[in-house]
Amino acid sequence: MSERVFLLPDLGEGLSEAEIVEWRVAVGDTVTVDQTVVEVETAKAVVDVPCPYAGRVVALHGAPGEARPVGQPLITIATLDGAAAAPVSAPEPPGHATYREEERAGSGNVLVGYGTGHGPGRRRRRSRLAVAPEPAAVVAPEPVAVAAARPVATVGSTGDVAPLVISPIVRRLAREHGIDLATLTGSGRGGVVRRADVEAARTAVVAAPRAVPEPSAGVDGEDLVIPLTGIRKAIADKLSRSRREIPEVTIWVDADATALLETRAAINAARPEQPVSVLALLARICLSGLRRYPQLNARVDTEGQRILQSAGVHLGIAAQTDRGLVVPVVRDAQRLTTAELAVELAGTTAAARAGTLPPARLTGGTFTLNNYGVFGVDGSTPIINHPEAALLGVGRIVDKPWVVDGELAVRKVVQLSLTFDHRVCDGGVAGGFLRHVADCVEQPALLIAAV
């Protein structure tokens, strides 16, 4: 019997640390290769981390709420006699285990938000919790006392053999619906439990989502201290950087959205099986505007002293979640039809609010659409989602007096605001884009002519 130490891997985008949310195993538990052992929160998403070793848990390094630096010990496993770890074919950076042959074939368990390929190593900033590196083979580390957590699936749950589960999606689905994977018979090759097996065994009772702990109030009038960590810290850093680096300008215009709402109603009446949202129509209008004014679908490379215009529109949608404001991205949105946009936007925002999007889906945007009208406000001067060059904000649609053909009428009016990076263009381009958007909102027929 020997001990193996699994180091916290880089979970994507060069992140330097992750905060432990919940341990899925406890000291003394037996784990299998590829079993999820801990749920961590990075600056971008909540991630399930599987362990590449099989054996008995000797130590858990870190308690819930504690941040662990990438490359430092996460869990120590005492391998059982005859138990094999994931095969390693080539040296990798600390914390990066090469997974099973199934993964190399494209069907293995990849960390949520953690791809199978990695580029050359990069220098990371020194973490605030950085400690002296520990050797890969730690014989007797000092474990942190952690309360036992229910493992997702361990040997002895129901029988003597652990369930064969490859996909983290299957484990998450089973956990959400309170299904014991050990009770299932897998229909996949070799008895692997598939998503269809879990869905077939779903019960009517769905496990309630994990509650977000509220900060405790101060005692005797003391100030309430809320640590700036996780996604809240990432938001603060990104917005601060945007304000420091980007000379942003905001322009706005009121538009009569009556015809847009009538167009949406007509589309949905004709195709009730594929309803289209107002957000999808606004996204389509933005795509039309960016085709005409590609200068706004860009970013500034300050080191190279150049402006990079993106060939595709990777549309970001600002979404408010329980964990904070996130901007999930729909890649190559210009390739989608309006109906496809509606489906993709609905699914993407729902997944963002559920916290199930991988980090890769929360980065790489080239233009952002922000519908802050859902908060009941008319206007805003949004901060650009760095390193993008522009952001369209949409206020609430309300009844207002409006002059139509020389006469006063009550119309559905919306305020549109465009915040843009003055380095990529001047007011003529920005004003032209916003005017095009407003004209399409007021006369949707113009959108058809521009497509």
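The values are calculated or read from the model by the stated rules, or taken from the named source; none is laboratory data. Please read these numbers as outputs of a predicted model, since none were measured by experiment. All Cβ positions, even for glycine, are placed from backbone atoms using ideal geometry, and neighbour counts span all protein chains on display. Quick note on the areas: whole protein, heavy atoms, side chains included, nothing else; ligands and nucleic acids left out. Shrake-Rupley method; radii C 1.70, N 1.55, O 1.52, S 1.80 Å.
At 1.4 Å probe size, with the rest of the protein present, what percent of the exposed accessible area of segment 314-451 is carbon and sulfur atoms?
Details: 3200 of 5910 Å².
That fraction is 54 percent.
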Amide H contacts under 5 Å for Glu17, restricted to residues at least 5 apart in sequence or on another chain and with H modeled in the peptide plane, are Val70
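Summing +1 for each Lys or Arg and -1 for each Asp or Glu, what net charge is found among the other residues whose Cβ lies under 13 Å from the Cβ of Trp402? Can you show the working numbers first?
Values: positive: Lys400, Arg411, Lys412; negative: Asp254, Asp256, Asp399, Asp405, Glu407, Glu442.
For residues surrounding Trp402, the net value is -3.
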Between the modelled labels at Leu446 and Ser2 (7 Å from Cα along Cα→Cβ) the distance in nm is 7.1
Counting only protein heavy atoms and leaving out ligands, DNA and RNA, the solvent-accessible surface of Lys400 at a 1.4 Å probe, in Å² to the nearest 10, equals 70
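Could you sort Arg195, Arg411, Arg284 by accessible area so the largest value comes first, with the probe set to 1.4 Å? Display every interim value, and only then the final one.
On the way: Arg195 125, Arg411 65, Arg284 30 Å².
Heavy-atom accessible area, descending, gives Arg195, Arg411, Arg284.
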With label points set 7 Å from each Cα along the Cα-to-Cβ direction at Thr381 and Leu325, the distance between them in nm comes to 1.4
From the Cα centre of segment 221-236 to that of segment 388-422, the distance in Å is 35
From most to least accessible, 1.4 Å probe, no ligand or DNA/RNA atoms counted, Ile235, Ile397, Ile307 line up as Ile307, Ile397, Ile235
Simple SL model, points at 7 angstrom along Cα→Cβ for His422 and Arg335; separation in nm is 3.8
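Rank Leu184, Leu325 by accessible area, highest first, at a 1.4 Å probe radius? Walk me through the intermediate numbers first.
Numbers: Leu184 35, Leu325 70 Å².
Ranked from most to least accessible, the order is Leu325, Leu184.
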